[in-house]
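Everything on this sheet refers to the single structure shown next.
The values are calculated or read from the model by the stated rules, or taken from the named source; none is laboratory data. Keep in mind that this is a model prediction, so the values were computed, not measured. In this analysis, Cβ positions are derived from the backbone assuming ideal geometry, glycine residues included, and neighbour counts consider all displayed protein chains.
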Ligand code: 13P
Ligand code: SF4
């Protein structure tokens, strides 16, 4: 995680992005993106033409976003990748699990490229296949595996998605977690003892969805800690639970706190708190609206001039929203400036290198999922994509 302290701001612990802040630079600021690199990226993209399709996640840096053919959250980008069978090269400006999903959903003749292989995801790394298999063994020993549908968040490695594919499970994203969980419970509705979901890797998305969207209670959910023997839970607890949440979290969204919400409400009259469902349950409970990245964007776009917002999601996106809506007051829901360090690994030099290599006929940093893993991961992804009526936006908490 990259953390940078901002100059002191008038807003206590939140960071007001559309207000006066700190000391102005007295001289000329250098260009936000190196003009020479911008020209090289443009030239390479022009040479490649329709052969290349550049996807950009909303958490990417500005210097990268300007070259994206399409922007989106992880659900939209998965669909966009699948909808471009003619593009020879898919350059994915996002993180590793997203590029893997794009490779799974595109044809073998298309090359998916991640400009910097260090762009991983700490949350995805919190669930390893061996650990998930151990949890499944424990469910089997407790006599409940037959009742369980495994659901993995998109933010997981391809082998975890394949595990779900093999066990009649499914993938979800923050845009569609409610619909996917409802589908999962339906699959085992008739089973003796009742349906259960094993949800990984993000305990917060799982808990927020189960409790706030499906109406389950906190007592219906238990947490499986992969670092504890037996997950830190008893067979009896496994039998009683409706949702078994993996002990994983996002190191960016996990930072937001209920205290900051209280402070911002006291300081900004009428402020509305808008957060991503990867935030902790106690944060989501205090928020006015919760939804996926696409939902956060569409909410701010539709908001009236003069409205005030504090947003709990990745900072590149929040800063872009503040810049695009100077008529609205937009604060970041954390006192410390915190970007997703792995999303930020994709920078202009890496993008230029990837594009120019393609111009020279060399495919660098190709992300290839082996055929067997891809087959089963695709089953789980396709079950999600086939669910009827899914849009690429989230929903308000009180929908
Ligand atoms: P979405 O793109 O599904 O909103 O997920 C947020 C995120 O953390 C991506 O890494
Ligand atoms: Fe992973 Fe969180 Fe970064 Fe998304 S924002 S890539 S979940 S660490």
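Mind listing just one residue for me: the one in the range 67-77 that is touching a helix residue (DSSP H, G or I) at 6+ places or on another chain (Cβ under 6 Å) and modelled with pLDDT of 95 or more and, of those, surrounded by the most Cβ atoms within 10 Å (Cβ to Cβ)?
So, considering only residues that are touching a helix residue (DSSP H, G or I) at 6+ places or on another chain (Cβ under 6 Å) and modelled with pLDDT of 95 or more, the one surrounded by the most Cβ atoms within 10 Å (Cβ to Cβ) is 67.
Within the range 104-115, does at least one residue satisfy the condition of being in a helix (DSSP H, G or I), within 16 Å of ligand 1 (Cβ to nearest atom) and within 23 Å of residue 160 (Cα to Cα)?
So far as the range 104-115 goes, yes, one or more of its residues are in a helix (DSSP H, G or I), within 16 Å of ligand 1 (Cβ to nearest atom) and within 23 Å of residue 160 (Cα to Cα).
From the list 294, 368, 278, which one is within 13 Å of ligand 1 (Cβ to nearest atom), in contact (Cβ under 8 Å) with a residue 40 or more places away in the chain and part of a loop (DSSP other than H, G, I, E, B)? If you could, list the steps in order and put the result at the bottom.
Numbers: 294 fails: part of a loop (DSSP other than H, G, I, E, B); 368 fails: within 13 Å of ligand 1 (Cβ to nearest atom).
Result: 278 is the single residue among 294, 368, 278 that is within 13 Å of ligand 1 (Cβ to nearest atom), in contact (Cβ under 8 Å) with a residue 40 or more places away in the chain and part of a loop (DSSP other than H, G, I, E, B).
Hey, any hits in the range 310-318 for a residue that's at pLDDT 95 or above and over 25 Å from residue 279 (Cβ atoms)?
No, the range 310-318 contains no residue that is at pLDDT 95 or above and over 25 Å from residue 279 (Cβ atoms).
Looking only at residues in the range 164-192 that are in a loop (DSSP other than H, G, I, E, B) and buried (at least 22 other Cβ atoms within 10 Å of the Cβ), which one is farthest from ligand 2 (Cβ to nearest atom)?
169
Among the residues of the range 49-66, count how many are over 15 Å from residue 320 (Cα atoms) and touching a helix residue (DSSP H, G or I) at 6+ places or on another chain (Cβ under 6 Å).
Final tally of qualifying residues: 1.
Could we say that residue 286 is closer than 24 Å to residue 338 by Cβ, touching a helix residue (DSSP H, G or I) at 6+ places or on another chain (Cβ under 7 Å) and more than 16 Å from ligand 1 (Cβ to nearest atom) here?
yes
Would you be able to say whether some residue in the range 299-307 is within 14 Å of ligand 1 (Cβ to nearest atom), surrounded by 19 or more Cβ atoms within 10 Å (Cβ to Cβ), on the phi < 0 side of the Ramachandran plot and touching a residue at least 24 places away in the same chain (Cβ under 8 Å)?
Checking the range 299-307: at least one residue is within 14 Å of ligand 1 (Cβ to nearest atom), surrounded by 19 or more Cβ atoms within 10 Å (Cβ to Cβ), on the phi < 0 side of the Ramachandran plot and touching a residue at least 24 places away in the same chain (Cβ under 8 Å).
Each row is one residue, and each column tells you yes or no for (1) part of a loop (DSSP other than H, G, I, E, B); (2) out of contact with any helix residue (DSSP H, G or I) (no Cβ under 7 Å at 6 or more places or on another chain); (3) touching a residue at least 12 places away in the same chain (Cβ under 8 Å); (4) more than 17 Å from residue 292 (Cβ to Cβ).
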residue	(1), (2), (3), (4)
121	yes, no, yes, no
132	no, no, yes, yes
136	no, no, yes, yes
146	no, yes, yes, yes
151	no, no, yes, no
194	yes, no, yes, yes
198	no, no, yes, yes
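If you check 156, 174, which single one turns out to be at negative phi, touching a helix residue (DSSP H, G or I) at 6+ places or on another chain (Cβ under 8 Å) and in contact (Cβ under 8 Å) with a residue 60 or more places away in the chain?
174
Tally time: how many residues in the range 44-71 are touching a residue at least 60 places away in the same chain (Cβ under 8 Å), closer than 20 Å to residue 172 by Cα and touching a strand residue (DSSP E or B) at 6+ places or on another chain (Cβ under 7 Å)?
Of the residues in that region, 2 qualify.
Identify all residues within the range 324-347 that are in a helix (DSSP H, G or I) and either touching a residue at least 40 places away in the same chain (Cβ under 8 Å) or buried (at least 21 other Cβ atoms within 10 Å of the Cβ) (or both); write none if there are none. Reasoning before the result, please.
Here is the first cut: in the range 324-347, the residues in a helix (DSSP H, G or I) are 324, 343-345.
Scanning the range 324-347 gives 343, 344, 345.
Given (1) within 16 Å of ligand 1 (Cβ to nearest atom); (2) assigned to a helix (DSSP H, G or I); (3) in contact with a helix residue (DSSP H, G or I) (Cβ under 7 Å, 6 or more places away or on another chain), where does residue 80 come up short, assuming only one miss?
Of (1) within 16 Å of ligand 1 (Cβ to nearest atom); (2) assigned to a helix (DSSP H, G or I); (3) in contact with a helix residue (DSSP H, G or I) (Cβ under 7 Å, 6 or more places away or on another chain), only one is false for residue 80: (3).
Among the residues that make up the range 348-365, is at least one of them within 16 Å of ligand 1 (Cβ to nearest atom) and surrounded by 18 or more Cβ atoms within 10 Å (Cβ to Cβ)?
In the first step, residues of the range 348-365 are kept if they are within 16 Å of ligand 1 (Cβ to nearest atom); the result is none.
No, there is no match, as no residue in the range 348-365 is within 16 Å of ligand 1 (Cβ to nearest atom) and surrounded by 18 or more Cβ atoms within 10 Å (Cβ to Cβ).
Hey, among 32, 41, which residue is in contact (Cβ under 8 Å) with a residue 24 or more places away in the chain and buried (at least 21 other Cβ atoms within 10 Å of the Cβ)?
41
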